[in-house]
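Here the structure is laid out as structure tokens; the discussion comes afterwards.
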Amino acid sequence: MSIEVENISVQFGGVHALKDISVRVDPGRIVTVIGPNGSGKSTLFNSITGLVAVDQGTVCIDGQNLARVPAWQRIGRGLARTFQTPRFDPRVCVEDAVLCGFYPVSRAGILGAMLRLPVVARQERAFSAACDRILDDFGLDGLRHASLGELPMGMVRLVEVARAIANKPRYLLLDEPAAGLTRAEQQLLSSEIRRIAASGVGVLLVEHNFAMVRSLSDHTVVLDRGALLAQGHPEELMRDPAFVAAYLGS
Ligand code: ADP
Ligand code: MG
């Protein structure tokens with residue numbers, strides 16, 4: 001049981017966005033990906049979720065090769081993600097944005113909803129209760145009726161993470177979720193990520209803030225222009241002079 005990315009390469013025209021990259025995410029572990037802009041972090045995410053086709057190598061989830069599984073079906077394999085640049089309708093309120101996260105797994109279907117079957121009503125009550133718990137956990141309870149357009153970007157990112165976990169994914173991919181967050185929001189997000197991982201979810205996180213990376217990661221992968229520069233536990237990386245020189249700039 002894990003996400004296994006093995007020796008993938010991705011090229012866009014003449015740009016080698018990823019060169020022979022391997023990453024493994026086990027349940028309950030937090031793996032971070034760091035590297036300067038353009039080093040291939042988002043491309044790695046897109047390769048896992050299926051938005052980008054890999055030229056070489058394989059992506060497997062729980063032993064199953066995803067090569068022929070389209071992006072929209074990968075949700076059903078237990079993947080959830082957030083995007084580096086959230087796209088959202090500014091009129092949608094926080095509660096509805098999180099509730100949206102439940103619907104891909106709804107089994108009752110549209111016909112069931114039109115017929116107002118009791119099973120649908122039961123499911124909606126369950127979703128609504130689960131949504132309340134998530135809003136509470138994320139400290140978003142007081143904002144449930146606020147529309148996304150009124151919120152600072154930091155809060156929108158928290159809502160994105162809340163929506164992503166609504167489906168109870170087994171693997172959660174977060175692309176720079178802390179960008180634009182205040183320190184307090186970052187701390188709330190970090191403790192949420194820790195709690196999500198402790199519940200058995202494998203987390204893959206792209207993050208620029210090394211303090212946050214250091215406090216969260218079981219394993220860190222450092223990319224540089226599409227290639228692997230270093231990897232290991234953050235404390236191990238901190239003892240690697242090549243990493244410190246290249247990444248921390250001292
Ligand atoms: P990061 O997330 O680390 O900033 P990206 O994965 O977004 O890096 O980009 C890696 C490289 O691939 C960059 O040179 C970027 O310009 C290029 N790239 C990413 N996506 C595309 C795309 N869809 N088409 C063409 N080039 C792309
Ligand atoms: Mg990116």
query: Scanning for something within 16 Å of ligand 1 (Cβ to nearest atom), more than 15 Å from Arg29 (Cβ to Cβ), touching a Pro at 6+ places or on another chain (Cβ under 9 Å) and not in a helix (DSSP H, G or I), does segment 225-241 turn up at least one residue?
result: yes
query: Taking segment 60-83, which residues are among the small types (Gly, Ala, Ser) and not in a loop (DSSP other than H, G, I, E, B)?
result: Ala71, Gly76, Ala80
- line: Filter segment 137-191 for residues that are in contact with a strand residue (DSSP E or B) (Cβ under 6 Å, 6 or more places away or on another chain) and of a type in the set (A, V, I, L, M, F, W, C); the one that is modelled with the lowest pLDDT is Ala164
task: Using the structure shown, decide if Arg77 is over 18 Å from the mean Cα position of the chain (by Cα) and among the charged types (D, E, K, R).
output: no
- prompt: What residue, among those in segment 157-188 that are part of a loop (DSSP other than H, G, I, E, B) and more than 13 Å from Leu204 (Cβ to Cβ), is farthest from ligand 2 (Cβ to nearest atom)?
  reply: Lys168
- prompt: Within segment 72-87, is there a residue that is of a type outside the set (Ser, Thr, Tyr), at pLDDT 90 or above and within 16 Å of ligand 1 (Cβ to nearest atom)?
  reply: yes
message: From the list Gly35, Gly40, Gly50, exactly one residue is within 21 Å of Pro177 (Cβ to Cβ), of a type outside the set (A, V, I, L, M, F, W, C) and touching a Pro at 6+ places or on another chain (Cβ under 7 Å). Which is it?
response: Gly50
message: I'm trying to understand the selection: among the residues of segment 42-67, which are over 12 Å from Val10 (Cβ atoms) and not small (Gly, Ala, Ser)?
response: Thr49, Thr58, Cys60, Ile61, Asp62, Gln64, Asn65, Leu66
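Let's see how each residue does on (1) surrounded by fewer than 20 Cβ atoms within 10 Å (Cβ to Cβ); (2) at positive phi; (3) within 13 Å of ligand 2 (Cβ to nearest atom):
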| site | (1), (2), (3) |
| --- | --- |
| Ser22 | yes, no, no |
| Val31 | no, no, no |
| Ser39 | no, no, yes |
| Ala80 | no, no, no |
| Gln84 | yes, no, yes |
message: Out of the residues in segment 172-200 meeting the condition of being under 20 Å from Glu4 (Cα atoms) and touching a Ser or Thr at 6+ places or on another chain (Cβ under 8 Å), tell me which one is nearest to ligand 1 (Cβ to nearest atom).
response: Asp175
- prompt: Of Val213, Val222, which residue is touching a residue at least 24 places away in the same chain (Cβ under 8 Å), assigned to a helix (DSSP H, G or I), within 16 Å of ligand 1 (Cβ to nearest atom) and under 25 Å from Ile3 (Cα atoms)?
  reply: Val213
- prompt: What tally of residues in segment 10-36 results from selecting those that are within 12 Å of ligand 1 (Cβ to nearest atom), over 18 Å from the mean Cα position of the chain (by Cα) and not hydrophobic (A, V, I, L, M, F, W, C)?
  reply: 6
query: Can you find a residue in segment 43-55 that is surrounded by fewer than 20 Cβ atoms within 10 Å (Cβ to Cβ), polar (S, T, N, Q) and farther than 25 Å from Ala198 by Cβ?
result: no
message: Give me the residue from segment 1-53 that is part of a strand (DSSP E or B) and among the basic types (Lys, Arg) and, out of that set, farthest from Ala246 (Cα to Cα).
response: Arg24
- prompt: Across segment 202-225, what is the total count of residues that are surrounded by 17 or more Cβ atoms within 10 Å (Cβ to Cβ) and out of contact with any helix residue (DSSP H, G or I) (no Cβ under 8 Å at 6 or more places or on another chain)?
  reply: 3
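The values are calculated or read from the model by the stated rules, or taken from the named source; none is laboratory data. Just so we're clear, the structure is a prediction, and the values are computed from it rather than from any experiment. We place every Cβ from the backbone using ideal geometry, glycine too, and count neighbours over all the protein chains shown.
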